[in-house]
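Everything below concerns the one structure shown next.
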Amino acid sequence: MQELALMQLEQAVTAPLPGSKSRLARLDIIRGIALIAMAIYHTGWDFEFFGYLDPGTTGHGGWKLFARMIASSFLILVGFSLVLAHQRGIRWKSFGVRLTQITAAALAISLVTWFATPDSFVFFGILHQIALASVLGLLFLRSPIPVLLLCAVAVIAAPFYWRSPFFDHPALWWVGLSTIDPRSNDYVPLFPWFGAVLSGMALARLFQRFRLMPMLQNATGLPFLDRPLRFIGTHSLAFYLIHQPVLIGCVFIFSQLFPPAAAPPHEIFARSCEQSCDAANDAQFCQRFCSCVIGELENADMFDDVFAGRIDTESDPAVKKIAGFCTRENETPGN
């Protein structure tokens, strides 16, 4: 999942309390922890990319849950920050500067990933979501807490109940209500992720209502943890821009010294296929189904192109026909 960062409102997340010039130290620490978690996830993704982990490992199971928790934490902090930054009125100048920075960074990521991984480039990732959510969030700054919570629930629930073929056109994939899941290394559409931002806004309003902000002002009292985490949290933009190139470089060097064991393409494809299939089917069916798909792709002389990503398995009619055939052939009678 995934390229995650809290570049939105860089200083607002640690905005000073009313009448005080001190930062909200614990928000710096929380943000630092989220950034470290992001780096851990990206390390796993890099090892998968270089062949040390099975394809799809970081997109399933615990890794997938981990990535979603990280993304949620960043977006909740975005909403929290938005309320703190503009509690006395929208600061248009600073907001415009930060929005420009975020948008430029998002476009740069799209451009770089377009050249690096064109089949799964980041067309609407976490930074795109932060930029859009920052603008939309201004509309909710004065909304009552119940309204914020209700809207958050509605936005989060929308993809489960209101998907439509109308949104299947690539130009509308950013909405998040299409009936297909676009391929991307970092896909964070408006629905359901804007719901996390609204939740963060509601949380900030609750902290203000019950005067809980002083709880976030002081550090934990553990300097060996506080100092590095606060440093990372207060330099999130630099950390975000630097950490992934550094990690990729380190894993690349490691791969030159200790190359990963090369598994046969059929084995790699089967593992990836079974991982995707296991989410909704039993293991025995998935083994039979994937074996059938491999055989049919070989018979059609398509396996190499599918394995290399030259054929889009989501839209290619021949692949869909093979998948349908193998599903029917391996379904348990009576199901």
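Overview of results
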| read-out | value |
| --- | --- |
| Residues being of a type in the set (A, V, I, L, M, F, W, C) and open to solvent by 30 Å² or more (accessible area, probe 1.4 Å) - total across segment 57-104 | 10 |
| Neighbours by Cβ (under 8 Å, 6+ apart or cross-chain): first from segment 208-227, more than 20 Å from A85 (Cβ to Cβ); second hydroxyl-bearing (S, T, Y) and open to solvent by 60 Å² or more (accessible area, probe 1.4 Å) | D226/T220 |
| Residue within segment 166-179 that is among the β-branched types (V, I, T), at pLDDT 95 or above and in contact with a His (Cβ under 8 Å, 6 or more places away or on another chain) present | no |
| Whichever residue in segment 164-218 is part of a loop (DSSP other than H, G, I, E, B) and acidic (D, E) and, among such residues, is surrounded by the fewest Cβ atoms within 10 Å (Cβ to Cβ) | D181 |
| Considering residues of segment 277-306 that are open to solvent by less than 60 Å² (accessible area, probe 1.4 Å) and not in a helix (DSSP H, G or I) only, the residue nearest to F49 (Cα to Cα) | M302 |
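Here's the yes/no breakdown for (1) assigned to a helix (DSSP H, G or I); (2) free of Cβ contacts under 8 Å to residues at least 60 places away in the same chain; (3) of a type outside the set (S, T, N, Q):
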{"residue": "P259", "(1), (2), (3)": "no, yes, yes"}
{"residue": "A270", "(1), (2), (3)": "yes, yes, yes"}
{"residue": "Q275", "(1), (2), (3)": "yes, no, no"}
{"residue": "T313", "(1), (2), (3)": "no, yes, no"}
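The values are calculated or read from the model by the stated rules, or taken from the named source; none is laboratory data. The structure displayed is predicted, hence computed values, not measured ones. Every residue, glycine among them, receives a Cβ derived from its backbone with ideal geometry; neighbour counts consider all protein chains shown. Accessible surface is based on the protein model in full, side chains and every heavy atom, while ligands, DNA and RNA are left aside. Shrake-Rupley method; radii C 1.70, N 1.55, O 1.52, S 1.80 Å.
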